[in-house]
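Asker: Mind having a look at this structure? Questions to follow.
Any read-out appearing in this document is the output of simple, stated calculations on the displayed coordinates, not a laboratory observation. The shown structure was predicted, so the numbers you read here are calculated from the model rather than taken from an experiment. Heads up, the Cβs are rebuilt from the backbone with ideal geometry, glycines too, and the neighbour counts pull from every protein chain shown.
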4 protein chains.
Amino acid sequence: MQIRTDLAMESRDCAEELSGVTSHTYRHDGIEEIQVVIESEEAARALNKPRGRYITLCHPAILHAEARERRALAKAIADTLGQLLPPFGDLMVVGLGNRHMTADALGSRVVESLLVTRHMMDVTEAELRTRLRGVCAAAPGVLGVTGMETAEMVQGIVERVRPAAVIAIDALAARESGRICTTVQVTDTGIQPGSGVGNHRLGLTKETLGVPVIAVGVPMVVYAAVIARDALSMLLSDVGLPQEEHAQAMDALIAKVVQNGLGDLVVTPREVDELVGRVARILADGLNMALQPRLTEEEIQWLSHDSP
Amino acid sequence: MQIRTDLAMESRDCAEELSGVTSHTYRHDGIEEIQVVIESEEAARALNKPRGRYITLCHPAILHAEARERRALAKAIADTLGQLLPPFGDLMVVGLGNRHMTADALGSRVVESLLVTRHMMDVTEAELRTRLRGVCAAAPGVLGVTGMETAEMVQGIVERVRPAAVIAIDALAARESGRICTTVQVTDTGIQPGSGVGNHRLGLTKETLGVPVIAVGVPMVVYAAVIARDALSMLLSDVGLPQEEHAQAMDALIAKVVQNGLGDLVVTPREVDELVGRVARILADGLNMALQPRLTEEEIQWLSHDSP
Amino acid sequence: MQIRTDLAMESRDCAEELSGVTSHTYRHDGIEEIQVVIESEEAARALNKPRGRYITLCHPAILHAEARERRALAKAIADTLGQLLPPFGDLMVVGLGNRHMTADALGSRVVESLLVTRHMMDVTEAELRTRLRGVCAAAPGVLGVTGMETAEMVQGIVERVRPAAVIAIDALAARESGRICTTVQVTDTGIQPGSGVGNHRLGLTKETLGVPVIAVGVPMVVYAAVIARDALSMLLSDVGLPQEEHAQAMDALIAKVVQNGLGDLVVTPREVDELVGRVARILADGLNMALQPRLTEEEIQWLSHDSP
Amino acid sequence: MQIRTDLAMESRDCAEELSGVTSHTYRHDGIEEIQVVIESEEAARALNKPRGRYITLCHPAILHAEARERRALAKAIADTLGQLLPPFGDLMVVGLGNRHMTADALGSRVVESLLVTRHMMDVTEAELRTRLRGVCAAAPGVLGVTGMETAEMVQGIVERVRPAAVIAIDALAARESGRICTTVQVTDTGIQPGSGVGNHRLGLTKETLGVPVIAVGVPMVVYAAVIARDALSMLLSDVGLPQEEHAQAMDALIAKVVQNGLGDLVVTPREVDELVGRVARILADGLNMALQPRLTEEEIQWLSHDSP
């Protein structure tokens, strides 16, 4: 039983001695930045993540931090995105997930706070227009609600709109509960099948969409089975029992403990409704800065009809 | 100043003696059904509506009616749709409008209550599967929120999904306040530019999408200028003043009365939040019956409530 | 037929020569401030408003204004409240209206963004605690939803909590559509029976609650009959007909034009959902400044867990 | 570390041999009904639940069940409530919890679907009026949002309204994940301090409110620590280690596994947003039947403005 995580840095932690993976850690403004690059196909298979760059920005106390620190994180997200985005052309932001399921609503919440400009190009005064980058956005919803694969809808829209790149926002599942709402992962590998809180059936990648796909995600849940398994592992090593021998028994036990008829049980903060709103606000601020580098914050706020 | 309405039956009422238009009225189950057919290009120009069939189903007290009467209206909607839909092939329902603007949220509200089946085709048991018609649905949002024309997004999705027809749901503007939430218009002419509460920039028609487009709409607002103009017209005829002489003065007066800096003022019921929910429920019931004629009501309810 | 308005400044405009009423106008920071004092019982009867002070702050373009101007209005609201509030003791904010009816949701929306502190008094560090004023807040809902008069519920809570004053927030009806979302009325006379978008059955006043009641309101609707009547009045005076003679005919006409079976029709901006959010934000900012004069804006934001 | 549960039947299961507790199990219509009566003070202390009657109605597959089975559960809830309610006098329903936190929103969601009648008594036609029981309802919100204890607000309102009994609806925490959304507990002991998903600071009981309090609750979460502890206990017994010796080590381990800075982590179904709506619907149906035994279902639906 391989415990699932959508964070490359957690996959790497489980397999530290792997070749074909490089990883660097930086610290600035209270933020820990970890850059993982998966270079070889072999490493990609071992970590169950495609080759590419994965940058995680982590601030363990971000949700209780002051405005200044939240802005620092938004700025770090903007800088990271800035390195991965193509320099010219319209951009399309896709908010993945189910807006009616709190733990999976991050994508559509970010889209709601985004400055969308593609339609302003003919109506805005010339001075401003030259400083705007064309941005459009959609939150297409999930298969169970639309009857269509998200990837199918996005492909159709991308073919019409022809953006230079797609930025996909998604709620993730992590391995450690401490990652929930405190860590942002930005990657140039797009969205993989099976990933996200919603377990996407099809991926959104350069291969499927024909344009680069940058994915931005934040863990919102840990699967309940992970909590149980961690507790058992620690105990076994504590009492000196060899884990390997008991692996099968452990998996059976966990299945027994977590079993239920309600779909997957997840571990999530009780206040997830409030937290998702705050995280979405930070992501939207970061995206707006990255996508509109020639606007001031005041202009972004004014154009997005934002309250003070 | 031509007062705008999205209802063909109101356009016809303003121009009764027109040739190239036929109209029939039926009554059943407390419902008044008016069938207007615009046959000539000349009539189409005069009424500012394209050639085609327009069926309105009106029940003045529907929102206070008992369950039995609401079901009768849903059934009448289903029967009307049944005449206009292609007999085979998947169908795609598009909920137009802005989900965050109550008077324009009808389309996305209907989509939320719709039985979507296209993705069940491989997972459902054989007996049921043979009785299901494939239905998918999207509520793409409006230009100001997405930066993309609704028509642009729908075109892209239709090209991927290739349904046999599109059914577009929209909130309408009417001329008479008594029409609000009491009248359903079904037409085979699709959605026209400038129509709807949201004044769509581009239309959704067979010409733009390549497949037949059936539009289903319910008036949610009357423009405030209409109320003012009606009051003036009545008074003028009452006191015996010729309306023609005063037309210009009237328009100036109305502009003065209604002027404001908040976008268009609309006349709407104070309880519009509650009403839109009830109307959406009736439409969704009607659509579900029309799109799944081989399912019982109990099966529709069971399948639509209940993704586990 | 006396046309109803909840704004004292509009009542006064309809009866300019009245004795027992004083009125002063100031201008600062783009805001027009009008102070109306109704001094005599006779004037109170004529204006259909109780004796007391009514301060209106009006900024016609506030919703399109920049952050700096919105803050200036919030500051002006805070200053006005500061003059009317008792200097010591806990304060209770009551958000009136129906949260599920957009045009009547202002009160509950303001309460959602308010810094509530009464429960922090034993848990906060001493330095901060000495600078906090105790504030509690409730949005009790409306008669049709609770089966209880709002006044009845507020009386019960006030008897338990014993605040030094109550601040009641409400959505108002105005006479001129230009007032919608642009004008804030603050008064020391509390909430009167029949007032507000929701037409409260019982008032909230010093007499009924036993503590001073400051009311803060913003017009969200104009009754549709007002628009019709204004159009008629202007026309009559334009064509030189004496209004008095036609008053009865006018009222009959208006009833005919506006009639409907859906409760009261109101004139409101199509974008009211978005506007109510922005207005609520400005009011909450003003209230927070007034109720917590010894906190910085940064501290208020941090304590209310507000996103940046 | 005593693992917490709000279900008396789970407390009893952990201490099977206790005297002073009786328990009976019945089965009807696919529902398992367990009646636990805690009779002695000693048993009350051992189970950490006050003396009184606790009836749980459990249908493990209720959320996937057909309409007929959901109605059977609603009917069983109505019958159980019918035994505990006073025969005459107005009733007040209190929806506890935080409407903005999905796992704690059950109370306010039930109140939204309840038929409220107390205000109809003077306006309804005589024939109907004699068959109505007066019901009022409030969802007062939580301490962190209002600055007031829920119990404080309810006391104030109860003193004004003087109902014959209070029915309090609350989201519960259980010990077994299989209980989530499948079990309804009805008790005549009211709401205890520390109980519920929201951990109420003060209780709502006959002692504090002066009238009988019937509590109706449904588990929405299991605390994450419970999952971890269960896994460990099972393993220890599996490998034959005595649990008592390792109790302290286990608690330390669990603290280590579950630790986080986000408040309590809970285990909950990923689809909790959808589930809470369905459970609220069943509870509201059950309450409406119990509180209005002289109305038909059709009348209840019609009076509560419910869609079919």
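Asker: Among B:Arg99, D:Arg229, what is the fewest-to-most ranking by other Cβ atoms within 10 Å?
Answerer: Details: B:Arg99 20, D:Arg229 23.
In increasing order of surrounding Cβ atoms, one gets B:Arg99, D:Arg229.
Asker: Hey, another quick one. When the gyration tensor of region D:112-245 is built from Cα positions, what are the square roots of 5 times its three eigenvalues, in whole Å, from largest to smallest?
Answerer: Equivalent ellipsoid semi-axes, largest first: 40, 17, 12 Å.
Asker: Calculate the mean, over all residues of peptide B:274-285, of how many other protein chain Cβ atoms lie within 10 angstrom of the residue's Cβ. List each step's numbers first, then the result.
Answerer: Values: counts 6, 3, 0, 3, 4, 1, 1, 3, 2, 0, 1, 2.
Mean shielding by partner chains, rounded to a whole number: 2.
Asker: Run the quick spin-label model on A:His24 and B:His100: label points 7 Å from Cα toward the beta carbon, then report their separation in nm to one decimal.
Answerer: Reported label-point gap for A:His24 and B:His100 is 3.9 nm.
Asker: Within a 10 angstrom radius of each residue's Cβ in D:217-228, how many Cβ atoms of other chains show up on average? Whole number is fine.
Answerer: 4
Asker: Within 10 Å of each residue's Cβ, count the other Cβ atoms and sort A:Ser40, D:Ser177 from fewest upward.
Answerer: Values: A:Ser40 13, D:Ser177 23.
Sorted ascending by nearby Cβ count, the order is A:Ser40, D:Ser177.
Asker: Please report, for A:Asp13, the nm distances (one decimal) from its label point, 7 Å out from Cα along the beta-carbon direction, to the equivalent points in the remaining copies, shortest first.
Answerer: The projected label point of A:Asp13 is separated from its counterparts by 3.3, 6.3, 6.8 nm.
Asker: Summarise the long-distance tail of P(r) for chain A by giving the % of C-alpha pairs beyond 37 Å.
Answerer: Tail of the P(r) past 37 Å holds 16 percent of the pairs.
Asker: While we're looking at this one, here's another question. How far is helix C:67-84 tilted, in degrees, relative to the longest principal axis of the Cα atoms in chain C, given as a value from 0 to 90 rounded to the nearest 10?
Answerer: Helix C:67-84 sits at roughly 80 degrees to that axis.
Asker: Still on this structure: Once the label point is set 7 Å along the Cα-to-beta-carbon vector, what list of distances in nm do you get between C:Gly210 and its counterparts in the other copies?
Answerer: Reported distances to equivalent positions: 1.2, 7.4, 7.4 nm.
Asker: Please state, to two decimals, what the Cα-based radius of gyration of region D:33-187 comes to when divided by 2.2 N^0.38 Å (N = residues). List each step's numbers first, then the result.
Answerer: On the way: Rg = 17.3 Å, N = 155, 2.2 N^0.38 = 15.0 Å.
Here the Cα radius of gyration is 1.16 times the empirical estimate.
Asker: Note the distances from B:Asp29 to each other copy's matching label point, with points 7 Å along the Cα-to-beta-carbon direction, in nm, sorted shortest first.
Answerer: 2.9, 6.0, 6.1
Asker: Further question: For chain C, modelled as a GNM with alpha-carbon contacts under 10 angstrom, which of C:Leu291, C:Leu172, C:Leu128 fluctuates the most?
Answerer: In the Gaussian network model the winner is C:Leu128.
Asker: Dipole of chain D (Lys/Arg Cβ +1, Asp/Glu Cβ -1, origin at the Cα centre): which of D:Ala215, D:Leu73, D:Ala165 lies farthest to the positive side?
Answerer: My answer, from the dipole projection, is D:Ala165.
Asker: Arrange the following residues from fewest to most other Cβ atoms within 10 Å of their Cβ: A:Glu149, C:Glu41, B:Glu297. Walk me through the numbers before you get to the answer.
Answerer: Values: A:Glu149 20, C:Glu41 11, B:Glu297 15.
Fewest-to-most Cβ neighbours within 10 Å comes out as C:Glu41, B:Glu297, A:Glu149.
Asker: Taking R0 as 35 Å, what's the FRET efficiency between C:Val123 and C:Lys75 from their Cβ-Cβ distance, rounded to 0.05?
Answerer: On the way: r = 30 Å, r/R0 = 0.85.
According to the calculation, E is roughly 0.70.
Asker: Let me ask you something else. Using only the Cα atoms, what convex hull volume per residue in Å³ does region B:125-204 have?
Answerer: On the way: hull volume 11.7 nm³, N = 80.
In region B:125-204, the Cα convex hull volume per residue is 147 Å³.
Asker: While we're on this one: About its Cα centre, how strong a charge dipole does the protein assembly as shown have in debye, to the nearest 20, once Lys and Arg get +1 and Asp and Glu get -1 at the Cβ?
Answerer: Working: 116 positive and 164 negative charges, 6 e Å.
Dipole magnitude for the protein assembly as shown comes out near 20 debye.
Asker: Using Stokes-Einstein with the Kirkwood hydrodynamic radius over Cα pairs, what translational diffusion coefficient do you get for the protein assembly as shown at 10 °C and a viscosity of 1.306 mPa s, in µm²/s rounded to a whole number? Walk me through the numbers on the way to the answer.
Answerer: On the way: Rh = 32.5 Å.
Reported coefficient: 49 µm²/s.
Asker: Hey, another quick one. What pairs in C:Lys206/D:Lys206; A:Lys75/C:Lys75; B:Lys75/B:Lys206; A:Lys206/B:Lys206 have C-alpha atoms more than 28 Å from each other? Display every interim value, and only then the final one.
Answerer: On the way: C:Lys206/D:Lys206 32 Å; A:Lys75/C:Lys75 30 Å; B:Lys75/B:Lys206 26 Å; A:Lys206/B:Lys206 32 Å.
Violating the 28 Å Cα-Cα cut-off are C:Lys206/D:Lys206; A:Lys75/C:Lys75; A:Lys206/B:Lys206.
Asker: Can you give the angle from 0 to 90° between the axis of helix B:150-161 and the longest principal axis of chain B, with both taken from C-alpha atoms, to the nearest 10?
Answerer: For helix B:150-161, the angle is close to 20 degrees.
Asker: Follow-up. Along the axis that rotates chain C into chain D, which residue of chain C has the nearest beta-carbon, and what is the gap in whole Å?
Answerer: Taking the axis that maps C onto D, the answer comes out as C:Gly156, 2.
Asker: Cα atoms only, region B:1-117: Rg and Dmax in Å?
Answerer: Taking only Cα atoms of region B:1-117, I get Rg and Dmax of 16.4, 46 Å.
Asker: Would you mind checking the tilt of helix D:224-238 against the longest principal axis of the Cα atoms of chain D, expressed as 0 to 90 degrees and rounded to 10?
Answerer: Helix D:224-238 sits roughly 40 degrees off the main axis of chain D.
Asker: Here's a follow-up. Under 17 Å between alpha carbons, and skipping anything fewer than 8 positions from A:Lys49 in its own chain: which aspartates and glutamates qualify?
Answerer: Cross-link targets: A:Asp6, A:Glu10, A:Asp13, A:Glu16, A:Glu17, A:Glu39, A:Glu41, A:Asp170, A:Asp188, A:Glu207.
Asker: With springs only between Cα atoms under 10 Å, which of D:Thr189, D:Thr80, D:Thr22 fluctuates most in a Gaussian network model of chain D?
Answerer: So, out of D:Thr189, D:Thr80, D:Thr22, the one fluctuating most is D:Thr22.
Asker: How crowded by other chains is A:153-162, given as the mean number of beta carbons from other chains within 10 Å of each beta carbon? All intermediate terms of the calculation are to be shown ahead of the outcome.
Answerer: Working: counts 8, 3, 4, 9, 11, 1, 4, 10, 7, 0.
That works out to 6 on average.
Asker: Once the dipole of region A:8-303 is set up with Lys and Arg at +1 and Asp and Glu at -1 on Cβ about the Cα centre, which of A:Val142, A:Ser108, A:Met121 lies farthest towards its positive end?
Answerer: Working it through, the farthest residue towards the positive pole turns out to be A:Met121.
Asker: Given the options C:Ala164, C:Ala65, C:Ala139, which has the most mean-square fluctuation in a GNM of chain C, springs set between C-alpha atoms less than 10 angstrom apart?
Answerer: Looking only at C:Ala164, C:Ala65, C:Ala139, the biggest GNM fluctuation is shown by C:Ala65.
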